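Structure record follows, encoded as structure tokens.
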Amino acid sequence: MFTTRLLIASFLILLVNQNLCSQDSMTDQSDQWLIRMNELMANVPTNIDSVLQLANEHLERCPFSEIKQKAFYHSFMAEVYYFRQELDNSLKAYQNSLQNFRICNDSSRFAVLYNNIGLVHYLKSNFDSALVAYNYSLELEKKAGNKEGIAMSYQNLGIIYGKWERYEQVYEYYNNALALYEELGAYASIAAVTNNLAVIAVRREDYNSGFKYYKKAYAAYRELGDESGMAKVSTNLGRLFGLQQQYVRADEYFKRSLEMFTRLHDNIGLVHTYSMRGEVYLKNGKVNEALSAYNKAEKLNEKIGLREVRSDNLQELYSVYKELKEYKLANEVLEQYYALSDSIFDEKQLDKVIQLEKKYHTEKSKNELVVMQAKAERNRLFMWGVSLFFLLLTIIVLIWVYVLKIREKQRQLNMEHKVLRTQMNPHFIFNSLSALQCIIMENNQEDAIDFVADFAGLMRLILQYAQEEHITLKKEKEILDKYMSIQNRRFDNKINYKIDFEEQIELNAVLVPPMLTQPFLENAIEHGHLTEEDSYIHVQLQRRDDKLEFSVEDNGIGIGNSMKKNKKTGKSHKSVAMDLTKERLNLLNNRENAEAVTLKIEDLSVYGRKGTRVVFQVPYMTLN
């Protein structure tokens with residue numbers, strides 16, 4: 001958790017509407033009005049209240065249409081809200097301005113507005129929406145041939161990909177931006193990009209390169225007299241020395257940045273600095289000081305709404321309260337963390353639903369147009385009976401194919417719902433709650449809190465990722481590790497569990513269908529009778545040409561002995577989860593147009609050993 005923070009959000013560029021006098025055939029009065037409006041927008045950060053009053057008076061004398069006047073008003077108010085750090089109001093105002101400029105067919109300001117919309121989305125942790133806005137801005141700047149705008153868009157896209165740890169894209173966009181800034185001689189922007197390169201170097205634990213980049217950025221900001229930039233670099237340097245356990249130097253830089261941010265009334269910078277200072281205190285074992293720093297960050301963040309920062313802080317506060325043995329407060333903080341994480345996830349899902357809805361309405365309009373054209377054509381060719389007959393026959397065939405596709409899609413959706421409902425079977429939930437009951441009866445509060453946190457975390461992961469078609473191997477491994485950790489507590493950690501990967505398999509890049517392996521682990525535990533001290537479950541992944549092969553092996557009693565034992569005791573258990581997994585594999589191979597892959601289950605007694613081995617394959621897929 002400690003290595004995930006960075007202070008680069010503030011280096012995204014807020015563009016003031018420039019080049020407002022580029023319209024053809026403008027009168028002198030219009031030119032002068034636009035120049036004055038541009039000056040007022042540029043002066044918003046200096047004295048908001050005074051500039052706001054002057055701007056309202058100036059807007060009343062607007063020589064353009066009422067719609068364009070509203071567009072300028074919303075654009076100006078968006079920047080006022082931004083510098084007041086009212087992000088929700090700022091986003092609404094930018095969107096209203098964009099809509100009004102679109103109504104009056106004035107596209108000259110689209111690139112600036114999309115850039116600023118992307119910035120606000122970024123600060124609100126809506127990274128998907130920010131990426132879309134920045135890509136729009138980049139395409140518009142390229143069409144206009146605006147090198148400065150292109151460089152700014154490259155820089156902002158690099159920051160977004162940095163949040164997703166896609167470092168190849170980060171370096172590509174940053175280097176593109178740096179080349180343009182050097183060509184333009186934009187030293188302030190060069191300093192900002194250099195700072196961001198330092199952040200990425202630190203994130204990759206290349207501390208020496210990070211320190212060199214930070215020194216270069218700090219010197220550039222000092223040369224420019226940019227105190228805000230110096231404060232941001234000081235915060236990052238404090239974090240860098242904290243990572244290297246040089247706590248005295250870290251605290252010196254944090255104090256320096258807090259003094260500058262306070263003098264500048266920059267609450268966003270203060271929130272980031274207090275948060276990072278809390279982490280360094282916690283790493284240094286100063287729990288009370290960490291708690292104080294986090295509480296200051298939380299108080300400032302209540303009005304700003306930096307949700308990702310608050311999510312990280314809540315997770316750290318949970319550790320602080322556990323360290324202080326304040327278990328009630330620890331539980332309350334944990335509940336807030338899960339609620340906030342779910343809200344961030346739900347908003348991202350809502351964005352996806354909105355995009356799908358837009359796509360649906362577009363396709364619907366296209367289909368309606370096709371139907372109208374078909375009717376007109378049919379009326380025109382009414383006398384040609386034979387042609388009409390074949391046309392109707394073709395339409396019927398297409399409709400029938402479409403219906404079949406819909407049915408197949410519905411069957412896949414039903415399958416996914418069944419997998420979601422059966423993934424955690426009643427036996428596991430009952431046994432887990434029984435284990436929790438024993439821990440509570442033993443009055444072991446700390447173990448009970450950890451158990452509930454792990455169990456809730458696993459349930460949340462399963463409910464979240466079961467809806468996805470593919471997830472990375474890293475996320476799949478996280479689910480399996482949490483699952484086996486909880487199961488092992490039931491058996492006093494007697495089961496030795498490990499998962500091995502070939503060296504060329506990158507966990508962050510390879511994609512797999514979610515939770516295909518868990519039913520086989522469950523089957524090994526429930527029917528393998530792994531009660532000996534040397535019991536093990538070994539999961540191994542290997543690449544086989546264009547397939548990814550999973551192997552799950554245990555040293556339990558084996559399939560044959562398990563069936564005999566069930567027969568003697570009168571048990572007749574059918575693994576629904578395993579049947580659904582087989583069906584998912586068949587659907588997967590049909591969907592990928594690949595050859596059928598069989599699921600192989602063998603009793604290791606044929607090799608003179610105890611246990612069972614399950615082997616299955618899925619198509620080898622990566623993010624690229």
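Observations
- Förster radius 30 Å - calculated FRET efficiency between residue 492 and residue 582, Cβ distance, rounded to 0.05: 0.35
- Solvent-accessible area of residue 520 with every protein chain in place, 1.4 Å probe, in Å² to the nearest 10: 10 Å²
- Full extension of the chain segment joining residue 408 with residue 36 gains 127.8 nm, where the gain is 0.36 nm per residue of separation less the Cα-Cα distance.
- Rounded to the nearest Hz, the phi-derived 3J(HN,Hα) couplings of region 305-316 under the Karplus curve 6.51 cos²θ - 1.76 cosθ + 1.60 (θ = phi - 60°) are x, 7, 5, 5, 5, 5, 4, 4, 5, 4, 5, 6, where x marks glycine and proline.
- Label point of residue 508 set 7 angstrom out along Cα-Cβ; within region 151-193, amide nitrogens under 12 Å from it belong to 161-171.
- Treating r as the C-beta distance of residue 84 and residue 540 and R0 as 41 Å, the FRET efficiency rounds to 0.15.
- For the residues 50, 189, a 1.4 Å probe over the protein chains yields an accessible-area ranking, largest first, of 50, 189.
- Residue 496 long-range amide H proximity, modeled H, under 5 Å: 535, 536, 537
- Modelled FRET efficiency - R0 41 Å, residue 223 with residue 95, Cβ distances, 0.05 increments: 0.65
- Among the protein heavy atoms, those of residue 328 account for about 150 Å² of accessible surface (1.4 Å probe, every chain in place).
- Ligands, DNA and RNA aside, residue 57 has an accessible area near 80 Å² when probed at 1.4 Å.
- Rounded to the nearest 20 debye, dipole of region 442-576 from Cβ charges on Lys, Arg, Asp, Glu: 840 debye
- When +1 charges are put on Lys and Arg Cβ atoms and -1 charges on Asp and Glu Cβ atoms, the dipole computed for region 118-253 relative to its Cα centre reaches about 180 debye.
The values are calculated or read from the model by the stated rules, or taken from the named source; none is laboratory data. What you see is a predicted model, and the numbers here were worked out from it, not measured in a lab. As a convention, Cβ positions derive from the backbone with ideal geometry for all residues, glycine included, and neighbour counts pool all protein chains shown. For accessibility, only protein heavy atoms count, side chains too; no ligands or nucleic acids. Shrake-Rupley method; radii C 1.70, N 1.55, O 1.52, S 1.80 Å.
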